Amino acid sequence: MFPALSLVSDSYSGSRAPNGGNGRSSRAGNGAEHKTTILVVEDEILIRMTAADHLRKAGYRVLEASNAIEALSIFAAGEPIELVFTDTDMPGKMTGEALAQWIVVHFPAVKVLLTSAEAHTPGSPPSGPVPVLKKPYTHAALATHVARLLTR
Amino acid sequence: MTEATRKSSATIMVLEPDILARMAISEYLRGCGFKVVEGVRAEDALTVLRSGMAIDVVLAEVRMAGELDGLELAKQIRDGYPGTDIILTVGVGNAADRAAKLCNEGPLKKPFHPRELVTRIQLLRERRRTASTSSE
């Protein structure tokens, strides 16, 4: 009766207007249907939790993955992701940079923002134009980068 | 639990190793008006609690990877964090059912029936399966 979650969302090409800024809509239910979906990929729970929380307060629908493989699962499940904010340095079989490369190849319409504690990201030439937000970042800086990428 | 979840600002932590189930259950509970923190393993709950953040309810799958399982986590939470309730679940259907019960006590109307939550998780899994076989 209340399909608040869009069950069919196979189109990645649609560039819906980002609902960022203070774009909280005044709807009942969970309101996932008209919000821009952002995927946050970060293994450290406290960092992931606060970044995701901040982006939700900014009006986005935020999905969370604790590593790159989980992020691949979310893509495979057909979620309408428009931007991925991922840590570069994560344990596991796939780094954040490899995830960024995968997204550039398979979902070229999806924007990617990397974050790293290192001043210079190793392998930055192959990641090409993928922007990097240096850790520690302020939530204001995160929101600004995300909004700018989404309107590009 | 009723008292904990009746607060308009109640925070629920969802501990679930399966990413698609975690995502769907967490969004469902957000739709009920709760603040939801997502964790993968039992240690995540302790990390968040030790940080000083108040968690009203931890909804945890019994079987989790890592050094602690759900039962041991429940013991540690009962001993160390009396303000936090813990609900242990076995399997996704059970977790969806308990999430729906929490939702009944939550500040907002249930966004959809718990059966649809299970259906959604199944659909997400089916899509993932299809995507991974077709890309091989």
I'd like to verify a number: residues in segment A:86-107 that are part of a loop (DSSP other than H, G, I, E, B), in contact with a strand residue (DSSP E or B) (Cβ under 8 Å, 6 or more places away or on another chain) and either open to solvent by less than 10 Å² (accessible area, probe 1.4 Å) or of a type in the set (Lys, Arg) (or both), how many? 1
Check residue B:87 against each of (1) more than 27 Å from residue B:127 (Cβ to Cβ); (2) in contact with a Cys (Cβ under 8 Å, 6 or more places away or on another chain) and name the one condition it does not meet. (2)
Looking at segment A:46-77 only, could you name the residues that are within 8 Å of chain B (Cβ to nearest Cβ), part of a helix (DSSP H, G or I) and hydroxyl-bearing (Ser, Thr, Tyr)? A:73
How many residues are within 20 Å of residue B:121 (Cα to Cα) and either away from chain B (no Cβ under 11 Å) or not charged (D, E, K, R) (or both) when one looks only at segment A:78-87? 3
Taking segment B:30-42 and keeping only residues that are part of a helix (DSSP H, G or I) and at the interface with chain A (Cβ under 9 Å from one of its Cβ atoms), one is left with B:30, B:31
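Looking only at residues that are among the β-branched types (Val, Ile, Thr) and touching a Lys or Arg at 6+ places or on another chain (Cβ under 7 Å) in segment B:87-120, which one is farthest from residue B:23 (Cα to Cα)?
B:87
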Would you point out the residue of segment B:43-54, among those that are open to solvent by 10 Å² or more (accessible area, probe 1.4 Å) and either touching a strand residue (DSSP E or B) at 6+ places or on another chain (Cβ under 7 Å) or not in a helix (DSSP H, G or I) (or both), that is farthest from the other protein chains (Cβ to nearest Cβ)? B:54
What do you reckon, is residue B:88 under 11 Å from the mean Cα position of the chain (by Cα), open to solvent by 20 Å² or more (accessible area, probe 1.4 Å) and not acidic (Asp, Glu)? yes
Need pairs with beta-carbon distance below 6 Å; first residue closer than 15 Å to residue B:87 by Cβ and within segment B:54-74, second in a loop (DSSP other than H, G, I, E, B) and of a type in the set (Lys, Arg); sequence gap 6+ or separate chains. B:64/B:41
May I ask you to say which residue of B:38, B:61, B:16 is buried (at least 22 other Cβ atoms within 10 Å of the Cβ), charged (D, E, K, R), in contact with a helix residue (DSSP H, G or I) (Cβ under 7 Å, 6 or more places away or on another chain) and closer than 19 Å to residue A:55 by Cβ? B:38
List pairs: first in segment B:109-126 and open to solvent by less than 20 Å² (accessible area, probe 1.4 Å), second assigned to a loop (DSSP other than H, G, I, E, B), Cβ under 6 Å, 6+ apart or cross-chain? B:111/A:2; B:111/A:4; B:111/A:29; B:111/A:30; B:112/A:2; B:124/A:77
Regarding residue B:88, is this residue at pLDDT below 90 and either more than 10 Å from chain A (Cβ to nearest Cβ) or farther than 30 Å from residue A:106 by Cβ (or both)? no
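The values are calculated or read from the model by the stated rules, or taken from the named source; none is laboratory data. None of the values given here were measured: they were computed from a predicted structure. Don't worry about glycine lacking a Cβ; one is built from the backbone with ideal geometry, like all the others, and counts go over all protein chains shown. These accessible areas exclude ligands, DNA and RNA; they are computed on the full protein's heavy atoms, side chains included. Shrake-Rupley method; radii C 1.70, N 1.55, O 1.52, S 1.80 Å.
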